[in-house]
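Undergrad: Below are the structure tokens for one structure; questions will follow.
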Amino acid sequence: MKKIDANDPASQSADIVTDNLSQLKSLFPEAFAEGKVQFDVLRQLLGGAVDEADEKYGLNWHGKRRARQIALTPSTGTLRPCPDESVDWDTTQNLMIEGDNLEVLKLLQKSYAGKVKLIYIDPPYNTGKDFVYPDNFQDSIRSYLEITGQVDGGNRLTANTESSGRFHTDWLNMMYPRLRLARSLLREDGAIIISIDEKELQHLRLLANEILGEENFVATVSVVSNMKGRNDKKHIAACHEYIVIYANPKFISNGLPLTDEQKAAFKFTDEDGYRYALRDLRKRGGPDRREDRPKMFFPIYWDVTSDKCSMERVSATDIEIYPYRGDGAEGRWRWGKEKVMSHLDWLKAKRSERTGRLDVEHRVYLDPSKSLESEVDDDLDDDDDEEAVERTSKPKSIWIGGELSSDSGKRSLKELLPGTAFDFPKSVELIRTCVLIATSKNDIVLDFFAGSATTSQSVMAQNAIDGHSRRFIMVQLPELLDIKDKDQKAAAAFCDSIGRPRNLSEITKERMRRAGKKIKDDNPLFSGDTGFRAFKLDASNIRAWNPNPENIVSSLLEHHEHLLEDRTEADVIYELLLKLGLDLCVPMESRTVAGKSVKAVGDGVLMLCLAEKLVATEIEAVAAGIVSWHKELAPAGDSTVVFRDSAFDGDVAKTNMAAILAQNGLENVRSL
């Protein structure tokens, strides 16, 4: 029975370096010797793809190497469950995590890598008033606890002012490791959307190109957030911000709902329910003459009786239609003969009310999946088929509307949390639009700069509209609020009014509670998930070996119990879920087996008996009960069984337990 201690990989977050080496070794095994990378061999294998020039294109700054190291350093922390601060704990699939997002992103790696469909973040804009996240990878959890006032210490969050000397550098050092960790959480068809303004836009693009891949850049969208314009600009009042979108190669945009104008323009529907409009098949605008495309001047025949078009005369009454221009000159069709032949059911003859001349119209579908872009005639230029897919529900690169403004964001926030005040909160409709474009069904949405929790409200609101079951994960630093600070006074007073500590994450959680209730009240037929499980970042439940050199005997006695004294069974269980790579909302059952409490997680993938005492006479009965329950659950994969190490009254009892379980197929047995 192997013990899980503070140095065991199972007690830490994902080891990204080890994973990287494993993937590299699977591709280039010959580049490894005695477990080390042979760079000369690797260079030869990669050939001309290796850039060995002294001067390289890219974004560099002071501290970049350390920022990369921070992203690669595993976390030894944990997330402690807080059912009393949650809503619908037993049934919800949503998460609200209070903690430093850098540590939280590390802790989420094993459980959520490659599972998040959309990451939306609204990071600090680096205005000079934003707080810097000081990252200390030597003792990150201790630093976090000091910053948030949970233990005594000298570290505090400080504003990143331009007078600091490294204004942009500090922001890049903060963003790099977080973006690097976020990338590994994205699904193969996932997208990341980042709100930003012009202060760091160019740096964000270069940083994202490096981490997310320039080939995965989708768009920079301008969002008109304040039509009046901000007065903090010297020469021009800025009335817009940006959202920068990157997506993995398999991402497909859902598009946006039809506007009233689109519904009016695409008023026909086919047998499958797809909307389409009718447009002239005759090419209009240059080059639109016969001599421009001689092969595209040919007759189309219309059967008056059946109202159908064909490429050959079927009866003597068929009417021959040529693409003549308005001035009577010979013109040309938009399509070649092959395409007309394959889409005759898309054609309809029409007589002009003004001239009386017959022309042919073709279908133009609103849905791009019904387009003809893969069926272009060899005699067509690329731009000749543009109108076959014109006016789809594809989002444009400028978003404008009062519902997308920061004023709308303020109104939504004050409606739920009267008296609070935040600078430029994002509107629910803005983020809901992002959610609508990028997600559906049971997708996971992550926001690790949750702020006032607009993203969670947007996800729930969209679920109420389309009936999907999207999940969200919100992460927010419990940034302390000062009642004496004019910019924080209102938020601090609100925390006082609800009897909660003065920190920003309390605002986050309270909005989530009230937003969920409002969505239920406004949509009485909606039975979706509006709850959340609350967790808090803390040091690991597993006691680290930290001996007192002056009293080794006392240190050994204290270390006999590997779990910290103030931690609950639930604390330990959820740390195991994180470190073993299980979802934090995975189903969990409890039973009493031979007088001991046993839990089965994920239908038996993980089984725990954390009783404080297991004597030799109880071993056989407890083991038999666990084996019986495990067979009843019949999990698909291998299972892990975990016990409290100090519970066994000796090595013999521990060995017997492991032996009985192994004989029944449960070979992965660990102790804490």
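Undergrad: Give me the residue from the range 86-105 that is of a type in the set (Asp, Glu) and in a loop (DSSP other than H, G, I, E, B) and, out of that set, surrounded by the fewest Cβ atoms within 10 Å (Cβ to Cβ).
TA: Across the range 86-105, the extreme among qualifying residues is ASP90.
Undergrad: Test LYS234 against the stated conditions and say whether it is exposed (fewer than 12 other Cβ atoms within 10 Å of the Cβ) and within 26 Å of SER440 (Cβ to Cβ).
TA: Numbers: exposed (fewer than 12 other Cβ atoms within 10 Å of the Cβ): yes; within 26 Å of SER440 (Cβ to Cβ): no.
The answer is no for LYS234.
Undergrad: Let me ask something else about it. Surrounded by fewer than 15 Cβ atoms within 10 Å (Cβ to Cβ), assigned to a helix (DSSP H, G or I), of a type outside the set (Asp, Glu) and touching a Lys or Arg at 6+ places or on another chain (Cβ under 9 Å): is that true of LYS263 in this structure?
TA: yes
Undergrad: Report yes if ARG275 is closer than 30 Å to ARG357 by Cα and of a type in the set (Lys, Arg), otherwise no.
TA: yes
Undergrad: So in the range 348-367, with the set limited to residues that are part of a strand (DSSP E or B) and acidic (Asp, Glu), which one is farthest from ASP280 (Cα to Cα)?
TA: Applying the filter and picking the extreme gives ASP359.
Undergrad: Sticking with this structure for a sec: Any chance you could count how many residues in the range 258-290 are in contact with a Gly (Cβ under 6 Å, 6 or more places away or on another chain) and modelled with pLDDT under 85?
TA: 0
Table: residues versus (1) of a type in the set (Asp, Glu); (2) over 21 Å from CYS434 (Cβ atoms); (3) loosely packed, with under 12 Cβ neighbours inside 10 Å.
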residue: ASN216; (1), (2), (3): no, no, no
residue: ASN226; (1), (2), (3): no, no, no
residue: HIS240; (1), (2), (3): no, no, no
residue: LYS267; (1), (2), (3): no, yes, yes
residue: GLY285; (1), (2), (3): no, yes, yes
residue: PRO299; (1), (2), (3): no, yes, no
residue: ASP307; (1), (2), (3): yes, yes, yes
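Undergrad: Return the residues of the range 580-623 that are among the charged types (D, E, K, R) and in contact with a strand residue (DSSP E or B) (Cβ under 8 Å, 6 or more places away or on another chain); say none if nothing qualifies.
TA: GLU589, ARG591, LYS596, LYS599, GLU618, listed by residue number.
Undergrad: So if I check each of LEU186, LEU207, LEU212, which one is hydrophobic (A, V, I, L, M, F, W, C), without any contact (Cβ under 8 Å) to a residue 40 or more places away in the chain and crowded, with 19+ Cβ neighbours inside 10 Å?
TA: Exactly one residue qualifies, and that residue is LEU212.
Undergrad: Right, something else. With respect to SER639, is the statement that it is surrounded by 11 or more Cβ atoms within 10 Å (Cβ to Cβ) and free of Cβ contacts under 8 Å to residues at least 24 places away in the same chain true?
TA: On the way: surrounded by 11 or more Cβ atoms within 10 Å (Cβ to Cβ): yes; free of Cβ contacts under 8 Å to residues at least 24 places away in the same chain: no.
It is false that SER639 is surrounded by 11 or more Cβ atoms within 10 Å (Cβ to Cβ) and free of Cβ contacts under 8 Å to residues at least 24 places away in the same chain.
Undergrad: Among the residues in the range 504-516, are any free of Cβ contacts under 8 Å to residues at least 60 places away in the same chain, part of a loop (DSSP other than H, G, I, E, B) and surrounded by 15 or more Cβ atoms within 10 Å (Cβ to Cβ)?
TA: no
Undergrad: A further question on this structure: Kindly indicate the residue of the range 288-309 that is charged (D, E, K, R) and assigned to a loop (DSSP other than H, G, I, E, B) and also nearest to LYS337 (Cα to Cα) among those meeting that condition.
TA: The selected residue is ARG293.
Undergrad: Could you tell me which of the residues GLN38, GLN23 is modelled with pLDDT of 75 or more, surrounded by fewer than 14 Cβ atoms within 10 Å (Cβ to Cβ) and of a type in the set (S, T, N, Q)?
TA: None of the other options fit; the residue is GLN23.
Undergrad: Do we have any residue at all in the range 255-265 that's assigned by TED's automatic domain parsing to the domain that holds HIS362 and in contact with a Phe, Trp or Tyr (Cβ under 6 Å, 6 or more places away or on another chain)?
TA: Checking the range 255-265: not a single residue is assigned by TED's automatic domain parsing to the domain that holds HIS362 and in contact with a Phe, Trp or Tyr (Cβ under 6 Å, 6 or more places away or on another chain).
Undergrad: When you scan the range 437-445, do you find a residue that is crowded, with 21+ Cβ neighbours inside 10 Å, in a strand (DSSP E or B) and in the same structural domain as MET96 (by TED's automatic domain parsing), even just one?
TA: yes
Undergrad: Here's another thing I want to ask about it. It is to be established whether one or more residues within the range 571-581 are more than 26 Å from GLY625 (Cβ to Cβ), surrounded by 18 or more Cβ atoms within 10 Å (Cβ to Cβ) and modelled with pLDDT under 90.
TA: No: the range 571-581 contains no residue that is more than 26 Å from GLY625 (Cβ to Cβ), surrounded by 18 or more Cβ atoms within 10 Å (Cβ to Cβ) and modelled with pLDDT under 90.
Undergrad: Shifting gears a bit: Given the conditions (1) modelled with pLDDT of 75 or more; (2) out of contact with any His (no Cβ under 8 Å at 6 or more places or on another chain); (3) crowded, with 18+ Cβ neighbours inside 10 Å; (4) not charged (D, E, K, R), which single one is not true for SER397?
TA: So SER397 meets the others, but not (3).
Undergrad: Residues in the range 464-490 that are of a type in the set (S, T, N, Q) and closer than 19 Å to MET512 by Cα: how many?
TA: The number of residues fulfilling the criteria is 2.
Undergrad: Give the range 394-422 a look and list any residue that's over 21 Å from SER497 (Cβ atoms) and charged (D, E, K, R), or say none. Quick ask: steps written out before the conclusion?
TA: Start the filter on the range 394-422 by keeping residues that are over 21 Å from SER497 (Cβ atoms), which leaves 394-409.
Of everything in the range 394-422, those that are over 21 Å from SER497 (Cβ atoms) and charged (D, E, K, R) turn out to be LYS394, LYS396, GLU403, ASP407.
Undergrad: Could you list, ordered by first residue, the pairs with Cβ atoms under 9 Å in which the first is in the range 302-319 and touching a residue at least 24 places away in the same chain (Cβ under 8 Å) and the second is among the hydroxyl-bearing types (Ser, Thr, Tyr) and surrounded by 13 or more Cβ atoms within 10 Å (Cβ to Cβ), at least 6 apart or interchain?
TA: Within 9 Å, the pairs are TRP302/SER310; CYS309/TYR301; SER310/TYR301; MET311/TYR301; ILE319/TYR301.
The values are calculated or read from the model by the stated rules, or taken from the named source; none is laboratory data. Note that this is a predicted model, so its numbers are computed, not measured. Please note: Cβ atoms are built from the backbone with ideal geometry, for glycine as well, and neighbour counts cover all protein chains shown.
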